[in-house]
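Scroll down for the structure; my scribbles are underneath it.
The values are calculated or read from the model by the stated rules, or taken from the named source; none is laboratory data. Fair warning: this is a prediction, and the values are worked out from it, not measured in the lab. Don't worry about glycine lacking a Cβ; one is built from the backbone with ideal geometry, like all the others, and counts go over all protein chains shown. Heads up: the accessible areas ignore ligands, DNA and RNA and are worked out on the full protein's heavy atoms, side chains in. Shrake-Rupley method; radii C 1.70, N 1.55, O 1.52, S 1.80 Å.
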Amino acid sequence: MGKPTGFMEYNRELPDDRSPLDRIEDWDEFHLHFDEKRLQTQGSRCMDCGVPFCHTGTRLPETTPFASGCPINNLIPEWNDLIYRGLWKEALDRLHKTNNFPEFTGRVCPAPCEGACVLGMIEPAVTIKNVEVSIADKGWEEGWIVASPPKRRSGKAVAVVGSGPAGLSCAAQLNKAGHLVTVYEKADRIGGLLMYGIPNMKLDKKYVQRRVDLMEEEGVTFVTNTEIGINIQATELVESFDAVVLCGGATKPRDLPIEGRDLNGIHFAVKFLSQNTKSLLDSKHADGSYISAKGKNVIVIGGGDTGTDCVGTSMRHGCKTLTQFEIVARPPDERAPNNPWPEFPRIYKLDYGQEEAAAKFGYADPREYLTSVTKFVGDENGNIKELHTSQYEWVAGDDGRQFPKPVEGTEIVRPADLVLLAMGFLGPEGAMLEQLDIERDPRSNVQAEEGKYTTNVSGVFAAGDIRRGQSLVVWAFKEGREAAREVDRYLMGTTDLP
């Protein structure tokens, strides 16, 4: 596992990012890259830890909703050792055993693997995520990643609804097993969240399209501009295919139903982000078919990756000011006692969007914690002009659960020309589930047992956010792969898929 004494000899290093003030002038990816030698040095830090936790993907339900380690069980110690020894192609082969799209996870995954790194107990963790994306990128550069259609076809046809992370990984695995796979996507481009939910500076869409093109070469059929339940009846789809896998995501955004919510200039984050990327890809924004933050006082309500992406996008538009509200408390700088290793570390960090806003406006951080909006106020034309905020404290209710309570005397009126709601998602939407009479769980997600992914309708499976609720891209990849395994078993009576 790397160099036996590497973790003692070398410090953790990551490539620099492009300067915040430079990168907000374009939509290019902001991460820079190491040369092979420095990457091999970082791989050598992977210690012979005996029981590696980084690749376990273990759930810790009694202490946290997060998993510990890599949900798709990447063989991290193996490929760290291989790149240290200069065996890059072999490292890529190991990576593809568990991960269909390492160039995606290596860019957008928050790296729970690094939070569970054994070295991380005493030193900064191994740079797993950066090594992963570097292996994938080298594989493309060297021409090692090529179309590999199945040698035999099963004669079975499977429809996959949704081309996001779960849908793509499910389709790739089912095609590998020899089934004829058709992926239906309601948008005009394939990729779902990967295409329109994540901004270009985090995941350049040329990488998504490159992988989609490869899957087409391998025999996967993609159908765009087609919403199941609207353009094609869901029952018709079930009748036309031997199996159907629902991978439509959890796309219903959480709203903020307070006074003034109907004013112009208040938008859901997903609309803001998706329209921006579509306009960028269609015309480099020349068509004006997007919500612009240029010259505006922007308020982002909600944290997480979606909120950060709204911040980064607004900065590139040229917003006048930017403030972001989080209703939760500021995370600690170090792990709290109730967040021990190997849990995912819930600690404070200045992400790329906040770093850019801080550099542009001179903030320490554009986020204000324990703060939320109580009222929106508009002008005579029905446009948002200001909003009222209050600080909050978390108190225990009669049932023992914590809930936010406004603190009296902390109200502030703030100017606002554009408000972006980035408060998460409530579950799946659309007519498809109603037409099939799919059973839902108490959170409105599709009822399907993890590991089996079968719904109450024979031959219909569900995977990803449509089943588990809003989650990480890497969990969607995992569920898509596992659902493909179960579909193959359903169709063939047995399966060789992992």
For segment 172-194, which residues satisfy the criterion of being of a type in the set (S, T, N, Q) and open to solvent by 20 Å² or more (accessible area, probe 1.4 Å)?
Thr182
Starting from segment 480-497, keep only residues that are touching a residue at least 40 places away in the same chain (Cβ under 8 Å), then list their pairs with residues that are part of a helix (DSSP H, G or I) and hydroxyl-bearing (Ser, Thr, Tyr) whose Cβ atoms are within a distance under 9 Å, requiring at least 6 positions of separation or different chains.
Gly480/Ser169; Arg481/Thr98; Arg481/Ser169; Ala483/Ser169; Ala484/Ser169
Pick from segment 7-34, criterion basic (Lys, Arg) and within 17 Å of Asp204 (Cα to Cα), ranking: surrounded by the fewest Cβ atoms within 10 Å (Cβ to Cβ):
Arg18
The condition from (1) at pLDDT 95 or above; (2) in contact with a Ser or Thr (Cβ under 9 Å, 6 or more places away or on another chain) that Thr56 misses is numbered (1)
Out of (1) of a type in the set (Lys, Arg); (2) outside any helix (DSSP H, G or I); (3) surrounded by 16 or more Cβ atoms within 10 Å (Cβ to Cβ), the one Arg316 does not meet is (2)
Go through Pro4, Pro52 for me and flag whichever is open to solvent by 10 Å² or more (accessible area, probe 1.4 Å), over 27 Å from Arg211 (Cα atoms) and in contact with a helix residue (DSSP H, G or I) (Cβ under 8 Å, 6 or more places away or on another chain).
Pro52
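I'd like to verify a number: residues in segment 137-166 that are aliphatic (A, V, I, L, M) and surrounded by 24 or more Cβ atoms within 10 Å (Cβ to Cβ), how many? Explain how you work it out, then say what you get.
Of segment 137-166, the ones aliphatic (A, V, I, L, M) are 145-147, 157-161, 166.
With the extra rule that they be surrounded by 24 or more Cβ atoms within 10 Å (Cβ to Cβ), the set shrinks to 158-161, 166.
Result for segment 137-166: 5.
Tell me the strands (runs of 3 or more DSSP E) entirely within segment 195-301 that contain at least 2 residues that are open to solvent by 30 Å² or more (accessible area, probe 1.4 Å), at pLDDT 95 or above and over 18 Å from Ala431 (Cα atoms). Talk me through it step by step, then tell me what you get.
Working: elements: 221-223, 243-246, 266-268, 297-301.
Hits in segment 195-301: 221-223, 266-268.
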Could you grab me the full set of residues in segment 341-369 that are open to solvent by 50 Å² or more (accessible area, probe 1.4 Å) and over 24 Å from the mean Cα position of the chain (by Cα)?
Lys360, Phe361, Gly362, Tyr363, Ala364
If we scan segment 490-497, do we find a residue that is β-branched (Val, Ile, Thr) and surrounded by 18 or more Cβ atoms within 10 Å (Cβ to Cβ)?
no
Residues that are farther than 18 Å from Cys319 by Cβ and charged (D, E, K, R): does segment 376-390 have at least one?
yes
Are there any pairs with C-beta distances below 7 angstrom linking a residue in segment 70-96 that is in contact (Cβ under 8 Å) with a residue 12 or more places away in the chain and buried (at least 24 other Cβ atoms within 10 Å of the Cβ) to a residue that is part of a loop (DSSP other than H, G, I, E, B) and aliphatic (A, V, I, L, M), with the two at least 6 apart or on different chains, and if so which?
Asn80/Met1; Asn80/Val126
Restricted to segment 119-163, and to residues that are within 15 Å of Glu13 (Cβ to Cβ) and either among the hydroxyl-bearing types (Ser, Thr, Tyr) or in a loop (DSSP other than H, G, I, E, B) (or both), which residue is farthest from the chain's Cα centre (by Cα)?
Glu123
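Please work out if Leu387 is over 30 Å from Trp27 (Cβ atoms), in contact (Cβ under 8 Å) with a residue 24 or more places away in the chain and not β-branched (Val, Ile, Thr). It would help to see each step written out before you state the result.
Details: over 30 Å from Trp27 (Cβ atoms): no; in contact (Cβ under 8 Å) with a residue 24 or more places away in the chain: yes; not β-branched (Val, Ile, Thr): yes.
When the stated conditions are applied, Leu387 does not pass them.
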